[in-house]
Amino acid sequence: MASNSLVLPLFFFLVILFSSSISSSSAALVQQQPLVLKYHNGALLKGNITVDLVWYGRFSPTQRSVIVDFIRSLGYARSPPPSAASWWRTTEKYKGGGSNLVVGRQVLHEAYTLGKSLKNRHLRALAGKFNAAPGTITVVLTAADVAVEGFCMRCGTHGSARPGSAFVWVGNSETQCPGQCAWPFHQPMYGSQTPPLVAPSGDVGADGMVINLATLLAGAVTNPFGSGYFQGPADAPLEAVSACTGIYGSGAYPGYPGQLLVDKATGASYNGHGLGGRKFLLPAMWDPETSACKTLV
């Protein structure tokens, strides 16, 4: 199985390390530089796509509902603006049209049958529980008490599984490395220690998973087999969202996520509405029409 890792921490937090000496005006100049993700003429995942979920370890019903509601919100057109659905519609600007995600089968592995320290082969085995048909993304989600090979050096992975289908893994980083994989809902491991934002669901781990899942789903549909849209080497690509690391709102610069919306009742920061009144914080996505990172606010 080919895979592309979401290698956010080292790239992002080494930049944050020097953020206290970077003014917002100079950072804005950097952000204005053209960003080009080359299309490498390969197949993309377009049309109706089933998203199967494998939950490994113990997740609360609330945590599961946050993740499922996020995926469903990507196709829910009735949410008020700015919405998760409008964020996802940026993927329609990539060749081939839209990618309509539909939540499919779910399986719970709460008995830790493979233990609490997983290798990459274990992730592939879990994803293989479903006989994934073409046009399917199998998402493996690991609980906060599950260590995964390379976790914290990467916040998740996506790649190709069976022909025409994709695989995604995202871990809950709340107790292992929230400063790397759940920022800005936790203080960063390096750099300026600005106060963390309040998570929309009240669960730092779950909302951190939403950010990383959003990043990987966008990568999975626009570069599913390593020959779609990306910049840099194929084995460590910058993709639709990972090319825009750390940007969530206008005026963002290293160490500062940008101007966001704030829930008056809870104090939570967000930039996208979802179904059932859900609120999410979603990262910027590269827009092929403007060759720039596009934010919801």
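The values are calculated or read from the model by the stated rules, or taken from the named source; none is laboratory data. Owing to the predicted nature of the structure, the values given are computational and were not obtained by experimental measurement. Cβ atoms come from the backbone with ideal geometry, glycine included; neighbour counts cover every protein chain shown. Ligands, DNA and RNA are excluded from the accessible area calculation, which covers all protein heavy atoms including side chains. Shrake-Rupley method; radii C 1.70, N 1.55, O 1.52, S 1.80 Å.
5 Å is the cut-off here: which amide hydrogens, built 1.01 Å from N in the peptide plane, fall below it relative to Leu101, excluding neighbours closer than 5 in sequence?
Ile49
If Lys and Arg each add +1 and Asp and Glu each add -1, what is the summed charge of the other residues whose beta carbon sits under 15 Å from the beta carbon of Val168?
Around Val168, the surrounding residues sum to +3.
Would you give the gap between the C-alpha center of the range 245-287 and the C-alpha center of the range 191-223, rounded to a whole Å?
10
Can you work out ³J(HN,Hα) from phi for every residue in the range 85-99, in order, using Karplus 6.51 cos²θ - 1.76 cosθ + 1.60 and θ = phi - 60°, giving whole Hz and x for Gly and Pro?
5, 5, 4, 5, 5, 4, 5, 5, 7, 7, 3, x, x, x, 10
Please identify the longest segment of the chain free of exposed GluC sites (Glu not before Pro), where exposed means a DSSP state other than H, G, I, E or B and no more than 12 other Cβ atoms within 10 Å.
111-288
Taking amide hydrogens as modeled 1.01 Å from N in the peptide plane, which residues meet the under 5 Å criterion relative to Ala292, leaving out close sequence neighbours?
Residues meeting the criterion, in which the H sits 1.01 Å from N, are Asp287.
For the charge dipole of the range 38-294, defined by +1 on Lys and Arg C-beta atoms and -1 on Asp and Glu C-beta atoms about the Cα centroid, which residue among Phe130, Cys155, Leu213 has the Cα displaced farthest towards the positive pole?
Value: Phe130.
May I ask you to compute the full-extension gain from Ala43 to Asn100, defined as 0.36 nm times their residue separation minus their alpha-carbon distance, rounded to one decimal in nm?
Between Ala43 and Asn100, full extension yields 18.9 nm more.
Test of understanding: what is the full-extension gain from Ala292 to Lys119, defined as 0.36 nm times their sequence separation minus their Cα-Cα distance?
Extending this stretch completely gives an extra 58.7 nm.
Please report, as a whole percent, how much of the solvent-accessible surface of the chain comes from carbon and sulfur atoms (probe radius 1.4 Å).
Carbon-and-sulfur percentage of accessible area, whole number: 54.
Assigning unit charges at the beta carbon (Lys, Arg +1; Asp, Glu -1) and nothing else, what dipole magnitude in debye, to the nearest 20, does the range 38-294 show about its Cα centre?
500
For Ala265 and Lys129, compute 0.36 nm times the residue count separating them, minus their Cα-Cα distance, and round to one decimal in nm.
Taking Ala265 through Lys129 to full extension adds about 44.8 nm, to one decimal.
Which entries of Lys46/Lys93; Lys93/Lys294; Lys93/Lys264; Lys38/Lys279; Lys93/Lys279; Lys38/Lys294 show an alpha-carbon separation above 22 angstrom in the structure shown?
Checking Cα-Cα distances, Lys93/Lys264; Lys38/Lys279; Lys93/Lys279 exceed 22 Å.
What do you reckon, how do Arg124, Arg278 stack up by accessible area (1.4 Å probe), largest on top?
Highest to lowest solvent-accessible surface, that is Arg124, Arg278.
Compute, for Lys129, the solvent-accessible surface of its heavy atoms (probe 1.4 Å) with the complete set of protein chains present, and express it in square angstrom to the nearest 10.
Approximately 130 Å² of Lys129 is accessible to the 1.4 Å probe.
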